[in-house]
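The block underneath contains the structure these notes are about, expressed in structure tokens.
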Amino acid sequence: MRAIRIFAVLVLVFLVSPIVVIFPLSFSSGEVLTLPTPGWSLRWYEDFFYSSRWLEATKNSFIVGTITMVLATALGTFAALGLNMAQFRGKKLVLAILSLPMVVPVIVAASSMYVAFSAMGLTNSLTGLIIAHTIVAAPYVVITVLASVQTLDMTLVRAALSLGATPAQAFREVVLPLILPGVIAGAVFAFATSFDELVIAIFLTGPDQFTLPRQMFAGLREMLSPTIAAAAVIMITLSLVLLVITESARVYATRLNKPNRQQDAR
């Protein structure tokens with residue numbers, strides 16, 4: 001048992017070490033990324049927040065990520081509800097097709113989207129990138145929401161409808177609160193997928209639509225500046241915030257449903 005714990009700790013250290021190393025690098029006073037650092041400074045964070053290139057790329061990433069999250073969450077949630085309630089042959093095949101963007105190599109998806117979007121005039125634009133990211137992110141919402149929907153008691157929905165509620169009211173007042181953890185988790189996955197995506201952005205965006213990952217990639221090609229480490233720390237911090245939001249939603253839903261389970265037990 002002790003050996004298993006030690007092995008688990010070693011695996012954890014192995015996985016986390018590359019992430020932890022980037023933090024001291026971002027505070028380095030040197031001109032290049034080296035360890036140990038020659039000194040400590042906030043100059044690279046200043047370079048990030050006072051650079052129009054980095055700020056514009058960050059703004060584009062937040063715009064694309066937010067719109068993608070809204071679209072993918074709406075489409076994925078309703079798709080999951082439809083798949084759960086509908087009974088037809090080929091249901092598993094439809095779910096497998098919807099999950100294809102998660103398993104297809106991203107370079108294949110990016111090149112295919114480039115060919116298709118070029119014919120529609122959607123390249124070199126944030127609009128095309130939003131559509132592409134929505135296609136890639138929606139399956140994550142479908143999977144997470146579908147897991148929540150499968151535990152939903154449909155008799156509650158039928159009871160609400162029998163009491164005079166409209167389908168929209170039944171969804172808003174009954175269904176959504178019960179599947180909220182899955183919806184929030186799917187939304188977080190959708191935003192993170194879009195915010196972190198690079199390959200599709202390289203194919204579909206022009207020089208005026210750089211996202212943060214693409215700006216970091218360009219920085220690696222031009223000059224290995226520690227500003228990239230500062231940007232990486234900011235992205236890691238954002239990921240931790242999204243993780244806290246997801247966990248908070250799960251805890252909130254657990255507390256919300258606990259009185260209902262106790263009442264049912266009585």
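Out of all the residues in region 176-220, which are modelled with pLDDT under 85 and under 23 Å from Phe117 (Cβ atoms)? Once the filter is applied, which keeps residues that are modelled with pLDDT under 85 and under 23 Å from Phe117 (Cβ atoms), region 176-220 yields Gly206, Pro207, Asp208, Gln209, Ala218. Taking every residue in region 95-122 that is in a helix (DSSP H, G or I) and pairing it with any residue that is modelled with pLDDT of 90 or more and basic (Lys, Arg), at least 6 positions away or on another chain, yields no pair with a Cβ-Cβ distance below 8 Å. Scanning region 15-69 for residues that are acidic (Asp, Glu) and over 30 Å from Thr134 (Cβ atoms) yields Glu31, Glu46, Asp47.
Out of the residues in region 52-65 that are among the hydroxyl-bearing types (Ser, Thr, Tyr) and surrounded by 15 or more Cβ atoms within 10 Å (Cβ to Cβ), state the one that is farthest from Thr205 (Cα to Cα). Full working, then the answer.
Restricting attention to region 52-65, the residues satisfying the condition of being among the hydroxyl-bearing types (Ser, Thr, Tyr) are 52, 58, 61.
Applying the additional criterion that residues be surrounded by 15 or more Cβ atoms within 10 Å (Cβ to Cβ) yields 58, 61.
Values: Thr58: 14, Ser61: 12 Å.
In this case the residue turns out to be Thr58.
For the residues Val188, Val136, Val141, the requirement of being assigned to a helix (DSSP H, G or I) and in contact with a Pro (Cβ under 6 Å, 6 or more places away or on another chain) singles out Val136.
Condition check: farther than 30 Å from Leu180 by Cα and loosely packed, with under 12 Cβ neighbours inside 10 Å. Does Ser29 satisfy that?
Values: farther than 30 Å from Leu180 by Cα: yes; loosely packed, with under 12 Cβ neighbours inside 10 Å: no.
Here the answer is no, as Ser29 does not meet what is asked.
Against the numbered list (1) in contact with a helix residue (DSSP H, G or I) (Cβ under 7 Å, 6 or more places away or on another chain); (2) more than 13 Å from Ile143 (Cα to Cα); (3) of a type outside the set (Ser, Thr, Tyr), Leu75 comes up short only at (2).
Return yes when Leu71 is in a helix (DSSP H, G or I), touching a residue at least 40 places away in the same chain (Cβ under 8 Å) and more than 22 Å from Ala170 (Cβ to Cβ) and no when it is not. Yes; evaluated as a whole, the condition is true for this residue.
Please find, among Leu238, Leu204, Leu163, Leu176, the residue that is among the aliphatic types (A, V, I, L, M), in contact with a Phe, Trp or Tyr (Cβ under 9 Å, 6 or more places away or on another chain) and over 29 Å from Leu42 (Cβ atoms). Explain how you work it out, then say what you get.
Working: Leu238 fails: over 29 Å from Leu42 (Cβ atoms); Leu163 fails: in contact with a Phe, Trp or Tyr (Cβ under 9 Å, 6 or more places away or on another chain); Leu176 fails: in contact with a Phe, Trp or Tyr (Cβ under 9 Å, 6 or more places away or on another chain).
Every option except Leu204 fails the conditions.
Of a type outside the set (A, V, I, L, M, F, W, C) and farther than 30 Å from Ala147 by Cα - does that describe any residue in region 189-205? Break it down into steps so the answer makes sense when it comes.
Filtering region 189-205 for residues of a type outside the set (A, V, I, L, M, F, W, C) gives 193-194, 196-197, 205.
Within this subset, residues satisfying the condition of being farther than 30 Å from Ala147 by Cα are 205.
Checking region 189-205: at least one residue is of a type outside the set (A, V, I, L, M, F, W, C) and farther than 30 Å from Ala147 by Cα.
May I ask you to verify whether Arg43 is surrounded by fewer than 12 Cβ atoms within 10 Å (Cβ to Cβ) and either over 27 Å from Ser194 (Cα atoms) or over 25 Å from the mean Cα position of the chain (by Cα) (or both)? It is false that Arg43 is surrounded by fewer than 12 Cβ atoms within 10 Å (Cβ to Cβ) and either over 27 Å from Ser194 (Cα atoms) or over 25 Å from the mean Cα position of the chain (by Cα) (or both). Condition check for Thr37 on (1) surrounded by fewer than 18 Cβ atoms within 10 Å (Cβ to Cβ); (2) under 27 Å from the mean Cα position of the chain (by Cα): one failure, at (2).
The values are calculated or read from the model by the stated rules, or taken from the named source; none is laboratory data. Worth saying up front: this structure is predicted, and the values here are computed from it rather than measured. Quick reminder, even Gly has a Cβ in these numbers, built from the backbone with ideal geometry, and neighbours come from all protein chains shown.
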